[in-house]
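Here's the structure, in structure tokens; my notes come after.
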Amino acid sequence: MQGSDFILGDEFRIDNSETPVRLEQAAGTLSTNERCLLFKLARDHYLGSGHMIDAGSFLGSSSLSLAEGLKANSLFRTIADRIASPIVAYEIGMLPAPPGAKTAITRHFGKYKYTLGESFVPILKENIAGHEDVIDLHIGDFLTETWPAEKPIEICFIDLARTNDLNVRCFQQLFPAFLPGRTLLVQQDFFFDRAPWIKVLMGYLEEHFEWLGQVGPSSLYRYRSQIPEEKYAIDPYTDIPAEQRIAYHQTAYHPGLSPRRQLPIALSHCYLLEACGGPREAMEELQTVRARFADLVSRLPNLRIRLDRAEAQFAKAVQPTKAAATKRAAVAATPSATTPDFSARSEAKRRVTQAIRDLTQAGNLMAHERQLDELYSQWTGLPWPGPENDRLRSEFAGARRAALRKLNEEKRAAGLQAPMRRPGGVRASSPRDLPPPSANPKTVGASGWISRLVARARRWLPSA
Ligand SMILES: C[S@@+](CC[C@H](N)C(=O)[O-])C[C@H]1O[C@@H](n2cnc3c(N)ncnc32)[C@H](O)[C@@H]1O
């Protein structure tokens, strides 16, 4: 078979000659092999004991692959009688134009010409036309989506975890609904160099998943055993000591991987080192990676571009601008730069995450506004190293948005305020939009963050 960049046991072996023509021709970013894998999973492995998730549909090639496979499944009729829309697809619906772009920037995807910054939802809908009966399309920011743990997920395809926020959102929302011994998970960005968090997460969960193989940049797993509740409270990419994160990342070198797939893991390791230890260590490791893969890189210019991009990033950070050096020195001089107490931080985070989850699910957020305030104050009052603050802020963004949405619903139901418009489903808030977490718990008033959030959210939203 052509371009056979995959490792799969007999149970999951793919054969492109079986892939429907419509699938091969559909616009999208997935390789034919990956489309074929999704088609086969939905046709041959799906029993209808839960839903199928397509997280990150773009123009629809992944949704289409699952839908075509489902309709070719011998159990399709029975399943369709039981589950109204077996495939749930998530997509924000727009690729942003670069900030400050003065002219329209267009990209070609198959026969489609797309302008960055505009909605591509009409193209997505056209591509999956005829499958509306089996696909429940959610257009909006996945960071605000919730999934009940008691609604099983049987096949889960994740293709939007390009930030750790989204990675954690998938973990905390979707994984609790996985069925031990049954659910199949595809991590599409596993072999992407600039997403070390996916490898750290899968290392953290290693004992709960069986690695079934690799197709292009995708990694396939079977969920083996229940993840205990307390594991969900920890974000392994930010909450645990650096050595442990690095050890989890190392588990990504699964047996039999070709050098072509080992290189992105090695590069991802460098990015992780930069995040954990700093650019010097990352730069040193990058030089060993360059030497180790010299032969491969000389043959594949695309890989050289990735190495050069990483090197440029680390080099820039190694020689900081004067302003950055001053800022770094100031951060180092403050008490917040001391080593954080990981156990206290994780415990506080576990409590606030659990509280938000419980309250959001129970629908009694207004009654517990004060309790949330207090937990939030405790969490932000913990000592944090300076560079962690940005991540912290973005982590809060998802939880806050979910809480805010619920609170608005409650207030609206109680007639306390006019309905607020949601961000139209396409605007992701930036971590920079959020207030910085306070280093001092006393400065965070117990009456404050939800109402400040509401006020701030009003500014984010387009006026009615
Ligand atoms: C690599 S593409 C998915 C490709 C797709 N699976 C296919 O078959 O071609 C990743 C998608 O994730 C979407 N995405 C990124 N951030 C998102 C968010 N916060 N919420 C929902 N979708 C998001 C992007 O708009 C993009 O379309």
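The values are calculated or read from the model by the stated rules, or taken from the named source; none is laboratory data. Fair warning: this is a prediction, and the values are worked out from it, not measured in the lab. Every residue, glycine among them, receives a Cβ derived from its backbone with ideal geometry; neighbour counts consider all protein chains shown.
Summary table below
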quantity: Flag if ASP136 is in the same structural domain as LEU37 (by TED's automatic domain parsing), under 19 Å from LEU41 (Cα atoms), surrounded by 13 or more Cβ atoms within 10 Å (Cβ to Cβ) and among the acidic types (Asp, Glu); calculated: yes
quantity: Residue in segment 200-212 that is at pLDDT 95 or above, within 11 Å of CYS156 (Cβ to Cβ) and not in a loop (DSSP other than H, G, I, E, B) present; calculated: no
quantity: Residue match in segment 156-177 (condition: away from the ligand (no atom under 13 Å from the Cβ), more than 24 Å from ARG405 (Cβ to Cβ) and either not in a strand (DSSP E or B) or not assigned by TED's automatic domain parsing to the domain that holds ILE53 (or both)); calculated: no
quantity: Total residues in segment 40-66, condition under 19 Å from ALA26 (Cα atoms) and more than 12 Å from the ligand (Cβ to nearest atom); calculated: 4
quantity: Condition check for GLY100: under 17 Å from the mean Cα position of the chain (by Cα) and farther than 21 Å from SER219 by Cβ; calculated: no
quantity: Residue in segment 131-154 that is closer than 28 Å to PHE178 by Cα, within 12 Å of the ligand (Cβ to nearest atom), part of a strand (DSSP E or B) and in contact (Cβ under 8 Å) with a residue 60 or more places away in the chain present; calculated: yes
quantity: Flag if THR78 is without any contact (Cβ under 8 Å) to a residue 40 or more places away in the chain, surrounded by fewer than 20 Cβ atoms within 10 Å (Cβ to Cβ) and within 26 Å of the chain's Cα centre (by Cα); calculated: no
quantity: Residue satisfying condition, being at pLDDT below 95 and closer than 29 Å to LEU300 by Cβ, within set PRO255, PRO264; calculated: PRO255
quantity: Filter pass, LEU124 being touching a Lys or Arg at 6+ places or on another chain (Cβ under 9 Å), within 12 Å of the ligand (Cβ to nearest atom) and modelled with pLDDT of 95 or more; calculated: no
